[in-house]
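A.B. asks: Input: one structure, supplied below.
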Amino acid sequence: MCALLGLGCSEEGCLYTTDDDCIEISNLNRQFLFRRKDVKNNKAVCAGNAGKVMNPDLNIKPFKIRVSPSTEKVFNDDYWNSLTGVLNALDNTKARKYVDGKCVYYGKPLFESGTLGTKCNS
């Protein structure tokens with residue numbers, strides 16, 4: 001969680017969390033940011049709230065949608081160009097390849113932390 005130590009804490013810095021999914025009880029044993037009280041709430045919002053507890057100086061903006069071809073109106077050129085890097089925690093090969101492809105295209109470093117091993121483009 002090095003990102004929570006200092007990245008996104010300056011006036012111009014920000015961390016973005018993206019997920020359209022809600023927390024289920026089955027998530028609690030493998031996702032350390034979430035607690036029982038978070039069940040049925042959006043993962044991006046809860047992750048942001050947990051980050052703020054760890055570091056109140058963190059600037060975070062949650063998106064209750066996933067990064068995908070269908071959301072490119074939101075996650076457009078301006079969005080990708082504004083990023084310094086991407087931290088990814090996906091368990092879906094299609095989504096991982098999509099995000100990896102965007103990082104390759106925009107020249108952004110990607111820290112991949114998904115559960116399926118190295119199965120992307122770069």
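A.B. asks: Could you size up the charge dipole of the chain around its Cα centre, putting +1 on the beta carbon of Lys and Arg and -1 on that of Asp and Glu, and report it in debye to the nearest 20?
C.D. replies: Working: 17 positive and 14 negative charges, 96 e Å.
The calculated dipole for the chain is roughly 460 debye.
A.B. asks: Here's something else I'd like to know. Can you list the equivalent-ellipsoid semi-axes of the chain, largest first and in whole Å, using the square root of 5 times each Cα gyration tensor eigenvalue?
C.D. replies: Details: eigenvalues 97, 70, 38 Å².
Those come to 22, 19, 14 Å.
A.B. asks: Tell me what the chain gives for mean residue ellipticity at 222 nm when only DSSP H runs of n ≥ 4 count, each as -39,500 (n - 2.57), the sum divided by the residue total, rounded to 500 deg cm²/dmol.
C.D. replies: Taken over the chain, the calculation gives -8000 deg cm²/dmol.
A.B. asks: Still on this structure: Between the alpha-carbon centers of the range 52-105 and the range 16-43, tell me the distance in whole angstrom.
C.D. replies: Result: 17 Å between the Cα centres.
A.B. asks: At 10 °C and 1.306 mPa s, grab the translational diffusion coefficient of the range 1-65 from Stokes-Einstein with a Kirkwood Rh over Cα pairs, rounded to a whole number in µm² per second. Intermediate values should be presented prior to the final figure.
C.D. replies: Details: Rh = 12.0 Å.
Rounded, D is 132 µm²/s.
Read-outs throughout are calculated quantities, based only on the coordinates presented, and are distinct from any laboratory measurement. Model, not experiment: these values are computed from the prediction. Because the Cβ atoms are built from the backbone with ideal geometry, glycine has one as well, and the counts that use them run over all protein chains shown.
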